[in-house]
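Visitor: Starting off with a structure, shown below.
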Amino acid sequence: MNDFAKFGDEFKKLGQKGFDATVHSYGEWNKALQALATRLTENAKKAFEDTTRTFEQLVGAKSIEQVIEIQSQYAKRVYDNFVA
């Protein structure tokens, strides 16, 4: 085998390694995006449920003090979730 053929084989192997690394990287990137989408969906669902529950409490409140307390608790939960 001449030097040019050896060079061609080495170049081909190098290209295959790069391609394999790229495919692996794409797969890992895809997994990360799926995990992120799942987490965002879960957070949105929890936020909607919390907002709905708070609204129901506000509708059933008997005094302005209760409304303020419910709203304060809701604001604290939202802030804590945002910081977390």
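Each value in this text was obtained by applying a stated rule to the coordinates, not by laboratory testing. The shown structure was predicted, so the numbers you read here are calculated from the model rather than taken from an experiment. With ideal geometry, Cβ positions are generated from the backbone for all residues, glycine too; neighbour counts draw on all protein chains shown.
Visitor: Would you count, across the chain, every pair of lysines whose alpha carbons are under 25 angstrom apart, provided the pair is eight or more residues apart or spans two chains?
Guide: 7
Visitor: With label points built 7 Å along Cα→Cβ from the Cα atoms of ARG77 and PHE7, find their separation and express it in nm.
Guide: Output for this residue pair reads 7.0 nm.
Visitor: Using 0.36 nm per residue, how much length does the chain from LYS31 to VAL67 gain when fully extended, once their Cα-Cα distance is taken away?
Guide: Once the chain is fully extended between LYS31 and VAL67, it gains 8.6 nm.
Visitor: Determine the calculated [θ] at 222 nm for the chain from helices alone, applying -39500 (n - 2.57) to every DSSP H run no shorter than 4 residues and normalising by the residue count; nearest 500 deg cm²/dmol.
Guide: Rounded to the nearest 500, the figure is -34500 deg cm²/dmol.
Visitor: In debye, nearest 20: dipole of the chain around its Cα centre with unit charges on the Cβ of K, R (+) and D, E (-)?
Guide: Charge dipole of the chain: 100 debye, to the nearest 20.
Visitor: For the chain, find the longest principal axis of its Cα atoms and tell me its angle to the long axis of helix 64-83, 0 to 90°, nearest 10.
Guide: The angle comes out at about 10 degrees.
Visitor: Go through (1) 1.57; (2) 1.06; (3) 0.94 and flag the label whose value is the computed Rg/Rh (Cα atoms, Kirkwood Rh) for this structure.
Guide: Derived directly from the coordinates: (1).
Visitor: Mind checking the angle between helix 3-60 and the chain's longest principal axis? C-alpha axes, 0 to 90 degrees, to the nearest 10.
Guide: 10
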